[in-house]
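The values are calculated or read from the model by the stated rules, or taken from the named source; none is laboratory data. Worth saying up front: this structure is predicted, and the values here are computed from it rather than measured. When we count neighbours, we look across all protein chains shown, and the Cβ atoms used for this are built from the backbone with ideal geometry, even at glycine. For the accessible areas, the whole protein counts, side chains as well, though only heavy atoms, and no ligand, DNA or RNA atoms are used. Shrake-Rupley method; radii C 1.70, N 1.55, O 1.52, S 1.80 Å.
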Amino acid sequence: MEYKQWYMEYKIHKNRPGLLGDIASLLGMLEVNILTINGVEDKTRGMLLQTDDDEKIEIMGQMLKKVDNITVSALRQPKLVDILAVRHGRYIERDSDDRKTFRFTRDELGLLVDFLGEIFKRDGHQVIGLRGMPRVGKTESIIAGSVCAMKRWSFVSSTLLRQTVRSQMSEEEMSSNNIFIIDGIVSTIRSNEKHESLLYEIMNMPSTKVIEHPDIFVQETRYNYDLFDYIIELRNTPDEEITYETFTTNYHDL
């Protein structure tokens, strides 16, 4: 069998001396490798494991059920949120109703960049929406995530350098391996026919597209929310309201 990674998470009821050593010894006897280990939230520990025998994971899970000091809360092949939880020591906040919506605050930019970087490493068609007020760090996070994924980024539309609306791109820029950055307000309010044609071509490419202000993009185009694989919300503070009325008017005036 090939080697597979597994994510194990357990809650600690009594953190007695030697508890982690006992669990590590059990994994060692089963020849299950510990790749990464970290505390995740309060009194919870997460581990990335590796083994070439799925049955060993099942046996380990059954044995750990008999350990009174812990309760295994997750034992599965790792999702992206699991990998990042072990790496950063906390889970990304996720919308309880819309499971593809993830929330970050400005003091979590490192976690956001890591999250984007892992998504950007994937090949093929995917669309990420990024909500947030002006100057909260949206574009900077996308660029940093592209660097982490070792991918080139291309602005289709942007406010980073005034009001950028592209009507054509070079052959090198049109590579499906690039990350395409689209400002959902600029591309709809400040658009022209050539830009719309370019945008339609890019949206149909087997590549990664990141759309800032996805709500305006959906409101003003033929696309709907089913288009998005992920929706990311970035706020200055957890209770900040993301509203467009205060700044969309400025786009019309420019």
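For the condition open to solvent by less than 10 Å² (accessible area, probe 1.4 Å), in contact with a helix residue (DSSP H, G or I) (Cβ under 7 Å, 6 or more places away or on another chain) and touching a residue at least 40 places away in the same chain (Cβ under 8 Å), GLY129 qualifies. Mind listing just one residue for me: the one in region 31-59 that is assigned to a strand (DSSP E or B) and free of Cβ contacts under 8 Å to residues at least 24 places away in the same chain and, of those, nearest to ILE70 (Cα to Cα)? Only one residue tops the list, namely ILE34. Evaluating LEU116 against the criteria (1) under 30 Å from SER73 (Cβ atoms); (2) in a loop (DSSP other than H, G, I, E, B) leaves one unmet condition, (2). So, in region 134-152, of the ones that are more than 15 Å from the chain's Cα centre (by Cα) and over 27 Å from THR243 (Cα atoms), which residue ends up least open to solvent (accessible area, probe 1.4 Å)? It comes out as LYS151.
Out of everything in region 32-70 that is over 28 Å from the mean Cα position of the chain (by Cα) and within 22 Å of ARG90 (Cα to Cα), what residue ends up being least open to solvent (accessible area, probe 1.4 Å)? Among them, the one singled out is ILE70. Among the criteria (1) part of a loop (DSSP other than H, G, I, E, B); (2) surrounded by fewer than 14 Cβ atoms within 10 Å (Cβ to Cβ); (3) over 22 Å from the mean Cα position of the chain (by Cα), the one GLY28 does not fulfil is (1). Tell me, which residue of region 181-229 that is of a type in the set (Lys, Arg) and in contact (Cβ under 8 Å) with a residue 40 or more places away in the chain is surrounded by the most Cβ atoms within 10 Å (Cβ to Cβ)? The selected residue is LYS209.
Scanning region 1-20 for residues that are open to solvent by 40 Å² or more (accessible area, probe 1.4 Å) and not in a strand (DSSP E or B) gives MET1, GLU2, TYR3, HIS13, LYS14, ASN15, ARG16, PRO17, GLY18, LEU20. When the residues of region 71-89 are filtered to those that are assigned to a strand (DSSP E or B) and open to solvent by less than 50 Å² (accessible area, probe 1.4 Å), the one that is nearest to ASP229 (Cα to Cα) is ALA74. Checked against the criteria, GLU172 counts as loosely packed, with under 15 Cβ neighbours inside 10 Å and either among the acidic types (Asp, Glu) or within 21 Å of ASP114 (Cα to Cα) (or both). Consider PHE104 carefully, then state whether it is in a strand (DSSP E or B), among the aromatic types (Phe, Trp, Tyr) and buried (at least 17 other Cβ atoms within 10 Å of the Cβ). Against the criterion (in a strand (DSSP E or B), among the aromatic types (Phe, Trp, Tyr) and buried (at least 17 other Cβ atoms within 10 Å of the Cβ)), PHE104 qualifies.
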